[in-house]
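**Q** First the structure, then my questions, so here it is.
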Amino acid sequence: MSEQVHPDEAARALDQIRDRQEQVINVSVVPAWYWWLVGGLIVALAAAVESREPVTIGVGVTVFVLGILGGTGWVVRGAVRVQPRNELLGGRGVTMILGFVALVLGITLAVAFSLAAAGVSYPATLANLLGAILLIVGGPMLTRTLRRVMLNNRAGASR
């Protein structure tokens, strides 16, 4: 078994591995429509709760739960078929996700409490509308950045 691998064969094999890794990364990326779904659902939930009508709250909570479960299930079902290595996302990616969540929550809560203190009607709904906008704008930006991080962390990536 002293068969020599030619450099061009090794380069082709590495290119195939990198292409497959990119396919795995692309399948595991959160689609833009998901950010719209979550944004819309949080606004609808807040509006339902602030209506103070038991039936409206019940319907709102049901729609929210089913929407989140359905949307998340749809996104995850595609990613379940592939299992990217934990190292692809790395500490930087995890920190970016946690930072984005903290930023959106922090801004949304601060706005909600400020609006409530100012006596504005439907403060949670209005604050969640801002939160939804942050998700819709920032979510795809985060997704693109995380994709770049994963591509940079894959095996054989030039750094």
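The values are calculated or read from the model by the stated rules, or taken from the named source; none is laboratory data. Not measured: the values here are computed from a predicted model. Note that each Cβ is placed from the backbone with ideal geometry, even for glycine, and that neighbours are counted across all protein chains shown. For accessibility, only protein heavy atoms count, side chains too; no ligands or nucleic acids. Shrake-Rupley method; radii C 1.70, N 1.55, O 1.52, S 1.80 Å.
**Q** Quick check on my filter: what residues within region 77-105 are open to solvent by less than 40 Å² (accessible area, probe 1.4 Å) and modelled with pLDDT under 95?
**A** G78, A79, V82, L88, G90, G93
**Q** Another question, if that's okay. Within the set of pairs 6 or more residues apart or between chains, which connect a residue that is part of a helix (DSSP H, G or I) inside region 86-104 to a residue that is open to solvent by less than 50 Å² (accessible area, probe 1.4 Å) and charged (D, E, K, R) with Cβ atoms less than 7 Å apart?
**A** Listed by first residue and then by second, the contacts come to L88/R154.
**Q** Mind telling me which of the residues W74, W36 ends up being within 26 Å of T145 (Cα to Cα), open to solvent by 70 Å² or more (accessible area, probe 1.4 Å) and in contact (Cβ under 8 Å) with a residue 60 or more places away in the chain?
**A** Values: W74 fails: in contact (Cβ under 8 Å) with a residue 60 or more places away in the chain.
The conditions single out W36.
**Q** Something else now. Against the condition in contact with a Ser or Thr (Cβ under 6 Å, 6 or more places away or on another chain) and of a type in the set (A, V, I, L, M, F, W, C), how does A10 come out, does it pass?
**A** no
**Q** Please specify each residue of region 1-33 satisfying the condition of being open to solvent by less than 60 Å² (accessible area, probe 1.4 Å) and either in a loop (DSSP other than H, G, I, E, B) or modelled with pLDDT of 85 or more (or both).
**A** Passing the criteria: S28, V29, V30, P31, A32.
**Q** If you don't mind, there's one more thing I want to ask. Kindly evaluate P54 against the criterion of being surrounded by fewer than 11 Cβ atoms within 10 Å (Cβ to Cβ) and modelled with pLDDT of 95 or more. Show your work before the answer.
**A** Values: surrounded by fewer than 11 Cβ atoms within 10 Å (Cβ to Cβ): yes; modelled with pLDDT of 95 or more: yes.
In short, yes.
**Q** One residue is enough: does region 107-129 have a residue meeting the conditions under 18 Å from A32 (Cα atoms) and part of a helix (DSSP H, G or I)?
**A** Taking every residue of region 107-129 in turn, at least one turns out to be under 18 Å from A32 (Cα atoms) and part of a helix (DSSP H, G or I).
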